[in-house]
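Undergrad: This is the structure I have questions about; it appears just below.
The values are calculated or read from the model by the stated rules, or taken from the named source; none is laboratory data. What you see is a predicted model; the values in this text were computed from it and never measured. Methodologically, a virtual Cβ is constructed for each residue, glycine included, from the backbone with ideal geometry; neighbour enumeration extends over all protein chains shown.
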């Protein structure tokens, strides 16, 4: 074989090798793109799901009576229903004899005493208390077929773009009616639960980390504690729910309350807090401790006045991430008795409660077009809170990262 | 200074240091108690699970044989229609986990190789936080995404796909475990020393040969450990399956069928009103115990692999 020939073969082999290399890099790059695409799709899906095109029948005034007429007539609620339904040409018995129908009618209609400037000043009116949804279309679907939807809307109905996430969404409470549902009590419940989680898990977590890093002798007991922490970090969250159900709800008889939820979530995030706090404490260089001892400080003085102040950023970062996890936890709280419908916002540790992710779960589980929009509005609020927390954690980590 | 006042000063000093020592001792005890909370937690979990599980098996309606070999699971049914074979739940869990691992392991490993070996520092700094966000998305949100987005997409492609199915749930769960796989794998690949890579380069290896034939084999213990940990997380994941895979225990390997997993049964039993002490509520603990044992075994195995097979570089 001639030299030129060999060079040629070499070059071809090298070229093939380089091509294989490029293919390999491309193959490993695909998963990264897919992961980013999934995150982007998820956010886009959630955001577009919070608006929908709807054909609605607007709230309307159906009847109106003078004050004296109304006063005499409205002494019983049945009269209102009967008169209203007869006016609509429907059979009053259908509503009056069925408790469920009565409840629905009450939700949909209200009797109001109106002060009018023209005509007789005081009048009773019956209004349907909310707009009635006839049909619901997703954001993009609606954009594509807007004309068809407009044509579909009947007499007196209108087509509108409904934003499910507005300021009122944050104060409205759980409801069987999608447009009336909101996060109100759930937000207050989450604040209560998370507040208590911080109160429980911060001192215990940091205390445990200080013990393991600064005090613990290297013996079997210490190794056993460390083994426990590692294993607890891998226990599925639903198992913590079972523990909470057994220990806090039943044995300690706290019941399905804020306190049971907070204790359960505290145990759940404790391994995360301990591991993060240990890392932060470990990062404080021994020379600082030795300088402190050299000045005659005791162990605790050294820990509390030298180690902890220098580890505080790392501990805070770890705590923020742990709290972010606790905020989104759903499964364990389903076991320790978070209820989707609670009449009042919690007023203390022993109140019944609901939290944001539980509301989202119950809305998704409804498996209904409109409740899906409500769920996505709730999810957007939850994700916004979590993104703020993650942002804060990343900022702290970058801003205060220092090398010794 | 007189002899007496010197002695007095010394005594005060000793007193002070004794008090200081006592204070330090007390603090030490308090910190030890904080550290032992995790031990108490472990024992509480084991006690809660085992006491109710023993009560479950003590019930004359339940036999070990049926629990491990039966193929029907209906403990929440009325009394004369109950069956206690856990197999449908285990198989359901396996279906979802299989899809999740099929998606999550290659994607996790691939992205780990790219981020650890090929990406520039800037790309890594941008992408890693996004992966952390992915890992931090609450699973109830992923369940919503699986049910409303992925399922409706897949139903146009896969004929006969049920509304609730392990395919969508597993697919989304694959992305949930991706950050677990990639972050642990990245750590173990980064731990492979520079000298070994450079030795391979000196032998004429190209960059991808170094990655494929040197770095990945050297980091294999960490990668395998990350796989096992990811599997344990997939088995224990609850909200995605409760929302998107269904709550109907079915003994089937058809990935289009509605199923139930161990975790989704726990949710179902807990959210229905099972009176305490009823067979339905005890079944919840029995399934919880099974889940706990499986995930604990996987976690311990993962830890063992890291310790036993990790390459040590001096």
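Undergrad: Only one residue in A:370, A:401 is away from chain B (no Cβ under 12 Å), at pLDDT below 95 and surrounded by 17 or more Cβ atoms within 10 Å (Cβ to Cβ), so which one is that?
TA: A:370
Undergrad: Being facing chain B (nearest Cβ under 7 Å), without any contact (Cβ under 8 Å) to a residue 12 or more places away in the chain, within 23 Å of the chain's Cα centre (by Cα) and under 29 Å from residue B:265 (Cβ atoms), is that true of even one residue in the stretch A:241-260?
TA: no
Undergrad: Between B:234, B:242, B:260, which is surrounded by 24 or more Cβ atoms within 10 Å (Cβ to Cβ) and assigned to a loop (DSSP other than H, G, I, E, B)?
TA: B:260
Undergrad: Just checking, how many residues over the stretch B:280-305 are free of Cβ contacts under 8 Å to residues at least 60 places away in the same chain and more than 11 Å from chain A (Cβ to nearest Cβ)?
TA: Residues meeting the conditions: 1.
Yes/no per residue for (1) without any contact (Cβ under 8 Å) to a residue 12 or more places away in the chain; (2) away from chain B (no Cβ under 14 Å); (3) farther than 15 Å from residue A:359 by Cβ:
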residue: A:139; (1), (2), (3): no, no, yes
residue: A:145; (1), (2), (3): yes, yes, yes
residue: A:148; (1), (2), (3): yes, yes, yes
residue: A:166; (1), (2), (3): yes, yes, yes
residue: A:192; (1), (2), (3): no, yes, no
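Undergrad: One residue is enough: does the stretch B:205-214 have a residue meeting the conditions more than 25 Å from residue B:70 (Cα to Cα) and more than 13 Å from chain A (Cβ to nearest Cβ)?
TA: yes
Undergrad: On the given criteria, is residue B:175 at pLDDT 90 or above, under 18 Å from the mean Cα position of the chain (by Cα) and at the interface with chain A (Cβ under 10 Å from one of its Cβ atoms)?
TA: Yes: the conditions hold for residue B:175.
Undergrad: Okay, moving on. Which of the residues belonging to the stretch B:69-93 are in a helix (DSSP H, G or I) and surrounded by 15 or more Cβ atoms within 10 Å (Cβ to Cβ)?
TA: Hits for the stretch B:69-93 are B:87, B:88, B:89, B:90, B:91, B:92, B:93.
Undergrad: Evaluate the following for residue B:159: is it more than 10 Å from chain A (Cβ to nearest Cβ), over 15 Å from the mean Cα position of the chain (by Cα) and touching a residue at least 40 places away in the same chain (Cβ under 8 Å)?
TA: So residue B:159 does not fit the description; no.
Undergrad: So which of B:151, B:167 is within 14 Å of chain A (Cβ to nearest Cβ), touching a helix residue (DSSP H, G or I) at 6+ places or on another chain (Cβ under 8 Å) and buried (at least 18 other Cβ atoms within 10 Å of the Cβ)?
TA: Only one candidate qualifies: B:151.
Undergrad: Continuing with this model, one more query. Checking residue A:367 against (1) within 28 Å of residue A:256 (Cα to Cα); (2) in contact (Cβ under 8 Å) with a residue 12 or more places away in the chain: exactly one of these is not met. Which one?
TA: (2)
Undergrad: Please indicate, with yes or no, whether at least one residue in the stretch A:182-191 is under 30 Å from residue B:264 (Cβ atoms), at pLDDT below 90 and in a loop (DSSP other than H, G, I, E, B).
TA: Yes: one or more hits.
Undergrad: Considering each residue of the stretch B:216-231, count those that are away from chain A (no Cβ under 12 Å) and surrounded by 14 or more Cβ atoms within 10 Å (Cβ to Cβ), and give that number.
TA: Residues in the stretch B:216-231 being away from chain A (no Cβ under 12 Å) and surrounded by 14 or more Cβ atoms within 10 Å (Cβ to Cβ): 9 in total.
Undergrad: Got a number for residues in the stretch B:42-58 being crowded, with 22+ Cβ neighbours inside 10 Å and either under 19 Å from residue A:224 (Cβ atoms) or without any contact (Cβ under 8 Å) to a residue 24 or more places away in the chain (or both)?
TA: 1
Undergrad: Of the residues B:208, B:201, B:285, which single one is part of a helix (DSSP H, G or I), in contact with a helix residue (DSSP H, G or I) (Cβ under 8 Å, 6 or more places away or on another chain) and at pLDDT below 90?
TA: B:208
Undergrad: Among the residues of the stretch A:202-233, write down those that are at the interface with chain B (Cβ under 7 Å from one of its Cβ atoms), more than 29 Å from the chain's Cα centre (by Cα) and touching a residue at least 24 places away in the same chain (Cβ under 8 Å).
TA: A:208, A:210, A:212, A:215
Undergrad: Condition test on residue B:103, is it within 11 Å of chain A (Cβ to nearest Cβ), modelled with pLDDT of 85 or more, surrounded by 20 or more Cβ atoms within 10 Å (Cβ to Cβ) and under 30 Å from residue B:175 (Cα atoms)?
TA: Answer is yes for this residue.
Undergrad: Here is a further query. Looking at A:324, A:340, A:377, A:393 in this structure, which one is at the interface with chain B (Cβ under 10 Å from one of its Cβ atoms), within 30 Å of residue A:134 (Cβ to Cβ) and touching a residue at least 40 places away in the same chain (Cβ under 8 Å)?
TA: A:340
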